[in-house]
Structure formats: structure tokens, C-alpha cells
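Here is the structure we will look at.
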Amino acid sequence: DQYKKLDENSYRQCLCNHSVPSHLYFTPQSPSYNYFFFSSVRNRRPLLNSFKPLVIFLPAVENHVQAAVLCSRSLSIPIRTRSGGHDYEGLSYTSTSGQFVLIDLQFLSSINVDYKNSRTAWVQVGATLGQLYHAIANQSSTAAFPAGLCPTVGVGGHVSGGGFGMMSRYFGLASDNVEDIRIVVASGEIVDRQSMGEDLFWALRGGGGASFGIILAYKVRLVEVPNKVTVFTVSKTLEEGATKLVDEWQRIAHKVDKRLFIRTLFKVVGNDSDEHDDQNKTTNRTVQISFNSLFLGEMKELLLIMEDCFPELQLKAEDCIEMRWIDSVLYFAGKGYQGKPLSSLVERYSPVYNSSFKHKSDFFTKAIPSEGWNRILRRFLEKGEQPMMIIDPWGGRMDEISETETAFPHRKGNLYNVHYLTQRWVEDDVAVSMKHVDWLRRFYKFMTPYVSKNPRAAYLNYRDLDIGMDVMGNKTSYWEARRWGERYYKGNFKRLAYVKGEVDPNNMFRNEQSIPPLFSS
Ligand code: FDA
């Protein structure tokens, strides 16, 4: 309509006045709009009930991002920022409250690794984790960076929200290993650690970037890993004693040698076809639990540690593979990457993303009683869904960093993070979507007695709009936003809101779960 046209044209003109070339700018009428829009859509579900961008702008240099911020501010056009597009609720590429401009940072993806002199790397936000890992490994086989498992995840969102991976028990989160940040703030200025001040630098490590500006790049600290690391995956079904094993595992995994990370992956295996009758469904289905592990050391030492701390798993040399750290990245990246060359780590796109999903998260602060595991696994086998659950052990380095050192608060006292997943689905259909989402919501409710309380904590990078959202577009007060804010940030939420009040008092950078500004009286 006329209103939208006006906005588009003024925005285009404004960018043009800032010397931005017009080929970086797409409206729904442009032939390449869909190509660029979907190039970083990792979950189609949010597209069912929200707005798509009025304009997609792909900055090629840092100044273009400044121009985008200045134009959005002068024309009052909301912004969404996308780096890798993995936000679980699609907040980087959709909006429930109206039209917006999408700033897609995929072209800002340079990586400069300085292993020899400073053991650091400057990485622009549009790079993926796989590209960062690959660039580091090109300089040294014993240099690494502790961040997430999926190579296509964008550095931009991941690092600012925390960034947990197979080495976090030893090195902490990605955000714990950030030395500097360059960001465009609401005034249009580019600031770095020195000029932004420690409060904003604190907030951007765990508080997410979307409430504060548009992050351009991070300077990250590289870590040293051994020449050889060891990986294993041992899978057991319920019939093979998986329940007893997981019960033992939960007692040790958060307190073993911090070089050892053993996570568990729960999935339903067997027949769940609707064509089968009820009897067939219950008899064929079972839960398989995989003990999936990285040890920062050689196999013979791992076997000794396992014999001592988790003999019930009966880990054997044949179960273990020694490899370089960079090869372990491919190993943990999932089935699609196994057997592929290292160069596959730099690919941005995976066909699996052309589908939908819903995930949720929790933290455990105490062990689950044996009877609890039986109940959970029975519930997991409910018909109609093929759920997954991934439980990551905390402890080690995560316990050594205080809750307030960065904005990421989930530290000592947490034993595990749990990640609930539905199977992905391909239908762009509200009823199908609701069926999966409802299942997960019921399962989440069922888990209430076993998980953290007051608040029931959640991990920002596993974004979940069910825990609360702004439905009015810019109207949510600090007090209302505590509903989700304290679940993601616990006691750090208030300080985050004050930082927001300082750097973005007019709440230019906002979304359905952003941090509202708070002002000291
Ligand atoms: P995206 O571009 O969608 O951004 C996410 C959020 O950050 C949005 O709110 C966005 O606006 C904001 N943002 C993005 N770039 C910004 C910038 N430059 N400046 C300011 N704000 C910005 N997590 C984990 O800890 N460990 C893991 O192993 C995995 N694995 C994993 C696998 C898969 C397949 C998915 C889909 C997700 C994960 N995650 C994860 C979760 C992931 O860390 C989380 O979704 C990140 O926010 C993704 O960052 P992207 O840049 O890709 O997302």
C-alpha cells in the first residue's frame, strides 16, 4: 500500500544519500528478494504468523551498517539484524508487530587469525562457526575456539548470547573468550571496547546483541588444544540398560575431569507410523540414549578416567577415535558432515533448514531420582511425536566464572542444560505446526518438578517465545519484561536494562523479547 511504498522509497533514498549502492538493497518486488531472504532462514515455522521484511539490505562494509542505523532512526523504521539466521523463533528475520528492515550481515564475514603473535582472531559477525574453526585450523592444528557444534551457526548471534559447545567445561563459553567488540550503536557511531565502556562490553557477552545495536565483529581469544583429542559415541536402548546408565551418568558428568565432556542425546527409535495399529506402535518404539563425548587428551588416559568415574558404560578402546580437534568438529557437526572434507565446514547452507522446528530449554540444579527417569522416558515414548532431548553437563570452567562476571548468568549450581527438540517438519501448515508445538509444551510442563525454579531458567540462544513476549511492539515495561528477562539473565536482568537505558534510551533496537530501557532516577 501507499504507506509501505513511502517508507521503502524514503529508505532507499536515505541509503543512497549515504553512498550505499542500490544493488545491496531488495524489496519484495526485486527478483532476488526471496533468494536473499530464504538464504538464512533456518526455521520456517515463524513465517506462518508474522511479517516478512519490507526491505532487505546486505551491507558490504561497516559504513553501510552505520547508514542503515541512521536511516532507520531518522525514518522511524524498525530494524531486525541477522547474522546466521539460527534464532529459534526467527526474531532475526520476522516480526509479529509490523513492517521492518532486515539488515542481513552475511557479506560481513572476514576472519583474520593472528595465531603467532597474539593468539587472537578478529571475526566479522556474518562468518559462521564452521568458517571460524576452519580459518583457525589453517594456522595451527593445536589452536581452537570454544563455541557451538553446528558449523552454519552465525558468529553474530551465537557469541553475544553465550555460545556453548563440547569444550565449555574446560574453556567456558564463546562469550567468555571475547576480548573486544565493534558495534554500531543507536547514534550511528561505531564503538569498540575502549570507547563503549565496560558496562556495554559486559552486556554484549551473554545479553545478546539485538537490544543494544548491530555488532560488526568480535576479537576472540584462541585456546590451545592437544595434538590429539579423543571422541566416542556409545548408544544404548532402554532394553540395553540405558535408564540405569543415564542415572549413573548424571551423578558424575558435571564433576569429572574438566577435559572430559560427555553429553547425552535421547531419541525415539523404532516404528511410529500412523498406519500401524496401537499395539504395533508401543511394541516397536524405544528410547535410545547416546553418550557422546570429547576428551581433550589421548585415548589411553581417557580409558583410565572412564574406568574410574563411569565404569558402568564399559567404554572400550574400539569405541574411541583419536583425531585432531578440527576433525572432531566434523564428527560432532552431525551425520551430514561425517566423511566429508574439512572444506564442508565453510558452507553456509544445509538443505535440512528448509523445514520447521520448535525447541525449548531448561537447567537442572539437582539430580533426577531414578523413578523420575522412568517417568520421563515413558512420557518420551508417547505416540505422535519423535522428540529428542540433549543434556549437556555443566561444571568445570562454567563453575569458576561468577554469575555476574558477564551477562550470562547460568554458572555454579547448575548441573546440566537440557534442550528439548521436536522432529523437524516440512509442511508450512498451522495445524501441523501446532501439533508439534503442543506436544513439546506439554512435555515441558511435565518436566517442571525436575528443573530449576524461581526462576525456571532458560538459555537465551535457545530462544523460546513461550516464556513471555512483548505483544504490543515497544510497549513492554521493565516490570513486564522480567517474565522472560529473569529466566534468561537471572539477577543480571536489571543491570542489562540499565545498560540499555544508557545506550539506547529510545528503544530503537527492539524485538519481541528485547531488554527494555531502565533509567536510574
Ligand atoms: P540470528 O542471525 O538468527 O541471530 C540470533 C539473534 O541475535 C537475533 O535476535 C538477532 O537479531 C541477533 N543478532 C544476530 N546478529 C547480530 C548482530 N550482528 N548484532 C546484534 N544482534 C544480532 N547454540 C549453542 O550455544 N551451542 C550449539 O551447539 C548450538 N547449535 C545450534 C544448531 C542449530 C542447527 C541451531 C539452529 C542453533 C544452534 N544453537 C546453538 C543456537 C544458536 O547459538 C543461536 O540460535 C544463535 O543466536 C544463532 O546465531 P545466528 O547469528 O546464527 O542467528
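The values are calculated or read from the model by the stated rules, or taken from the named source; none is laboratory data. These numbers come from a predicted model, not from an experiment. As a convention, Cβ positions derive from the backbone with ideal geometry for all residues, glycine included, and neighbour counts pool all protein chains shown. Areas reflect the complete protein model, heavy atoms only, side chains present, ligands, DNA and RNA absent. Shrake-Rupley method; radii C 1.70, N 1.55, O 1.52, S 1.80 Å.
Condition first: among the aromatic types (Phe, Trp, Tyr) and out of contact with any Gly (no Cβ under 7 Å at 6 or more places or on another chain). Can you find one or more residues in region 54-62 that meet it? Checking region 54-62: at least one residue is among the aromatic types (Phe, Trp, Tyr) and out of contact with any Gly (no Cβ under 7 Å at 6 or more places or on another chain).
Output yes when any residue across region 24-37 is within 15 Å of the ligand (Cβ to nearest atom) and under 25 Å from ALA217 (Cα atoms), and no when none is. Among the residues of region 24-37, at least one is within 15 Å of the ligand (Cβ to nearest atom) and under 25 Å from ALA217 (Cα atoms), which makes the answer yes. Residue pairs, Cβ under 8 Å, 6 or more apart or interchain, first in region 428-449 and closer than 18 Å to ARG45 by Cβ, second exposed (fewer than 14 other Cβ atoms within 10 Å of the Cβ). List them. Pairs found: VAL430/ASN49; SER433/GLU427; LYS435/GLY384; TRP439/GLY384; PHE443/ARG379. Restricting attention to region 70-93, the residues that are more than 15 Å from the ligand (Cβ to nearest atom) and either of a type in the set (Val, Ile, Thr) or touching a residue at least 12 places away in the same chain (Cβ under 8 Å) (or both) total 6. Just one of the listed residues (ALA60, ALA67) is over 27 Å from ASN507 (Cβ atoms) and either within 16 Å of the ligand (Cβ to nearest atom) or among the basic types (Lys, Arg) (or both), and it is ALA60.
Residue under question is VAL153, and the condition is that it be within 13 Å of the ligand (Cβ to nearest atom), open to solvent by less than 30 Å² (accessible area, probe 1.4 Å) and of a type in the set (A, V, I, L, M, F, W, C); does it hold? So VAL153 fits the description; yes. SER356 meets the conditions (1) more than 17 Å from the chain's Cα centre (by Cα); (2) farther than 28 Å from PHE295 by Cβ; (3) not β-branched (Val, Ile, Thr) in every case but one. The failed one is (1). Listed by position, the strands (runs of 3 or more DSSP E) enclosed by region 176-250 that each have at least 2 residues that are within 12 Å of the ligand (Cβ to nearest atom) and without any contact (Cβ under 8 Å) to a residue 60 or more places away in the chain are 178-184. Considering (1) assigned to a loop (DSSP other than H, G, I, E, B); (2) at pLDDT 95 or above; (3) not polar (S, T, N, Q), the lone condition that GLY473 does not fulfil carries the number (2). Which residues, taken from region 310-335, are of a type in the set (Lys, Arg), within 27 Å of the chain's Cα centre (by Cα) and outside any helix (DSSP H, G or I)? Matches in region 310-335: ARG324 only. When region 106-126 is limited to residues that are within 10 Å of the ligand (Cβ to nearest atom) and either of a type in the set (A, V, I, L, M) or part of a strand (DSSP E or B) (or both), the one that is farthest from ILE515 (Cα to Cα) turns out to be LEU108.
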